[in-house]
Amino acid sequence: MKEISIITVNFNGLSDTCALMETIPFNDNLEVIVVDNASQNQEADIISKRFPQVKVIKSEQNLGFASGNNLGIKAAQGKYLFFINNDTIFKDFNVQPLIDRLESSPAIGVVCPKIRFAWDTNPIQFAGYTPLSSITVRNHAIGFGEEDHGQYDTAHPT
């Protein structure tokens with residue numbers, strides 16, 4: 001059994017998906033699954049040829065993001081599932097803190113890393129959300145657009 005299954009969905013995003021693949025440190029404990037949602041120009045075949053270590057699933061129709069991920073889940077053999085958008089790149093691939101957090105409590109079923117934009121000084125894109133207000137039923141993103149000085153390095157509910 002693999003430890004981690006990385007699942008991403010591709011739809012006419014060949015260059016983004018290939019850029020993502022180039023930042024993944026493939027090893028024996030990791031499987032990568034690309035679900036191609038009926039892209040044009042035989043993108044699934046191109047990904048398979050360029051990255052033979054990737055399991056490419058070809059959908060004959062565009063099932064959308066959620067159903068595309070569901071196809072990936074059905075094929076996954078990893079203990080942990082890591083869903084990632086195909087336009088993501090890893091600067092330093094280290095998912096061990098996420099696994100450690102998951103294993104720290106049986107009450108935790110899902111974790112998400114801090115996400116940073118790829119441009120300029122890599123400002124924060126996502127560090128969680130505040131709780132919903134009981135009055136307005138609204139919340140706001142934590143850290144969006146801020147420089148990362150470690151201010152959101154402590155795990156918290158979101």
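Key figures
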read-out	value
Computed log₁₀ I(q)/I(0) - Debye formula, equal Cα scatterers, no solvent, segment 76-144, q 0.18 Å⁻¹	-0.92
Kirkwood-based shape ratio for the chain, expressed as Rg/Rh from alpha carbons	0.99
HIS149 versus MET1: modelled label distance in nm, points set 7 Å from Cα along the beta carbon direction	4.4 nm
Relative packing of peptides 20-31, 62-73 - highest average C-beta neighbours within 10 Å first	62-73, 20-31
Å³ per residue enclosed by the Cα convex hull of segment 9-91	86 Å³
Using a Förster distance of 22 Å, the FRET efficiency for ALA141-ASN41 (Cβ separation, nearest 0.05)	0.05
Ellipticity estimate at 222 nm from DSSP helix runs (n ≥ 4, -39,500 (n - 2.57)) divided over the chain, nearest 500	-6500 deg cm²/dmol
Residues of segment 15-82: accessible area per residue with a 1.4 Å probe, Å²	55 Å²
Added length on full extension, which subtracts the Cα-Cα distance from 0.36 nm per residue, SER133 to ALA75	17.0 nm
Lys pairs, the chain - Cα-Cα below 15 angstrom, 8 or more residues apart or on other chains	7
Accessible-area composition of the chain, carbon plus sulfur, in percent [1.4 Å probe]	52 percent
Selection from THR17, THR158, PHE65 lying farthest towards where the dipole of the chain points positive, charges on Cβ	PHE65
ASP28-GLU103 FRET efficiency (beta carbon distance; Förster radius 22 Å; 0.05 resolution)	0.60
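The values are calculated or read from the model by the stated rules, or taken from the named source; none is laboratory data. These numbers come from a predicted model, not from an experiment. Heads up, the Cβs are rebuilt from the backbone with ideal geometry, glycines too, and the neighbour counts pull from every protein chain shown. Heads up: the accessible areas ignore ligands, DNA and RNA and are worked out on the full protein's heavy atoms, side chains in. Shrake-Rupley method; radii C 1.70, N 1.55, O 1.52, S 1.80 Å.
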